[in-house]
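Reading through the structure tokens given below for one structure.
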Amino acid sequence: MSAIDSLPPLREIIAQHGLSARKSLGQNFLLDLNLTAKIARQAGDLSACDVLEIGPGPGGLTRGLLAEGARHVLAIEKDNRCRPALDQIAAAYPDRLSVMEGDALETDPLAHLTPPIRVAANLPYNIGTELLVRWLTPPDWPPFWESLTLMFQREVAERIVAQPGSKAYGRLALLAQWRADARIVMHLPPGAFTPPPKVSSAVVHLTALPTPRFPADPAVLNRVVATAFNQRRKMLRAALRGLAPDIEDRLTAAGIAPTDRAEQLTLEAFCALAREVAKT
């Protein structure tokens, strides 16, 4: 295995600092630095970008991002055991890595980032979906980020890129594809991680669109989609009854058959329905 920088291999750093992945934090460490550099390359040319990384752990992907030329990386890490390893990386890449200790769900990193901004992360499994939904549903669009290059459990990744009619199709697919181009760019087996998770993983790359594909109020669309897929086996007139007393009329006005089910509807149809519901 070739080195990507002058720092010791990650296994040595983990042993030196007594680190072990904690299940309670959703941690699974990637130790193959050639693999982390390959993931970093999926984010594109980073030489003119600041990169936000969530959950760097001992810094495998962090080193990949810096070795691939990221202008600056801001890493947010909840586990303070990882700080000495990250400080070691910061010393090897002067003025190019900043580390914030804290919970990514409760931290606002924007004051520490300079646009253009990209996000690249091996997200902790227990907060990955929530972070993605937050990044896809800001009140204003375009968002602070140009692209997201994120690792998820394979099942979650497939939900992000799913198409109508598939079992994986649902809220994540609609929110992601409404405002971004989303595609799976890498697959990783459990053995790539320490400790190996029980499931395979995949890297998803999302590029923000300048404007959403179809007009709709974000809050209303989110509510319509969440309600529809909460009871996906029911016909829409039953699943969406709580949204409006005349939901059948609104479905018809949006060009949707009241007997359709959520997994049958396209993104365009959901946006049309959100516009009708917003007329309440």
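Computed quantities for the displayed model
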| item | result |
| --- | --- |
| Accessible surface of the chain [probe 1.4 Å, protein heavy atoms]: carbon and sulfur percent | 50 |
| H187-M235 pseudo-label distance in nm [points 7 Å out on the Cα-to-Cβ vector] | 3.9 |
| Local net charge near L132, Cβ-Cβ under 13 Å (Lys/Arg +1, Asp/Glu -1) | +3 |
| Solvent-accessible area per residue, Å², over the chain with all protein chains present [probe radius 1.4 Å] | 45 |
| At q = 0.10, 0.12 Å⁻¹, base-10 log of I(q)/I(0) for the chain (Debye sum, equal scatterers on each alpha carbon) | -0.56, -0.75 |
| Rounded to whole Hz, the Karplus (6.51, -1.76, 1.60) HN-Hα couplings of region 40-46, x for glycine and proline | 4, 5, 5, 7, x, 6, 9 |
| Part-to-part distance (alpha-carbon centres) for region 155-194 and region 35-71, which is given in Å | 21 |
| Cβ-based net charge around R237, under 13 Å, with every Lys or Arg adding one and every Asp or Glu removing one | 0 |
| For region 64-75, 3J(HN,Hα) per residue [Karplus equation, 6.51 cos²θ - 1.76 cosθ + 1.60, θ = phi - 60°, Hz, x = Gly/Pro] | x, 5, 5, 5, 7, x, 3, 4, 7, 10, 10, 9 |
| Ranked by how many other beta carbons lie within 10 Å on average, peptides 37-44, 11-18 from highest | 37-44, 11-18 |
| Cα-based helix-to-principal-axis angle, 83-92 vs the chain, degrees rounded to 10 | 70 |
| Summed residue charge, Cβ within 12 Å of L221's Cβ, Lys/Arg positive, Asp/Glu negative | +2 |
| Calculated [θ] (222 nm, deg cm²/dmol) that DSSP helices of n ≥ 4 give over the chain, each run adding -39,500 (n - 2.57) | -9500 deg cm²/dmol |
| Point-charge dipole on Cβ atoms (K/R +1, D/E -1) for the chain, about Cα centre, debye to 20 | 920 |
| Dipole of the chain, positive end: most advanced residue of S166, L52, L148 [Cβ charges, Cα centre] | S166 |
| Pairs of Cα atoms farther than 16 Å apart, region 205-280, % | 45 |
| Karplus (6.51, -1.76, 1.60) ³J(HN,Hα), θ = phi - 60°, over region 107-124, in Hz, Gly and Pro reported as x | 10, 9, x, 5, 5, 10, 10, 10, x, x, 10, 10, 10, 9, 6, 8, 5, x |
| With DNA, RNA and ligands ignored, accessible area of W141 (1.4 Å probe; Å², nearest 10) | 50 |
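The values are calculated or read from the model by the stated rules, or taken from the named source; none is laboratory data. Owing to the predicted nature of the structure, the values given are computational and were not obtained by experimental measurement. Please note: Cβ atoms are built from the backbone with ideal geometry, for glycine as well, and neighbour counts cover all protein chains shown. With ligands, DNA and RNA removed, areas are computed over all heavy atoms of the protein, side chains included. Shrake-Rupley method; radii C 1.70, N 1.55, O 1.52, S 1.80 Å.
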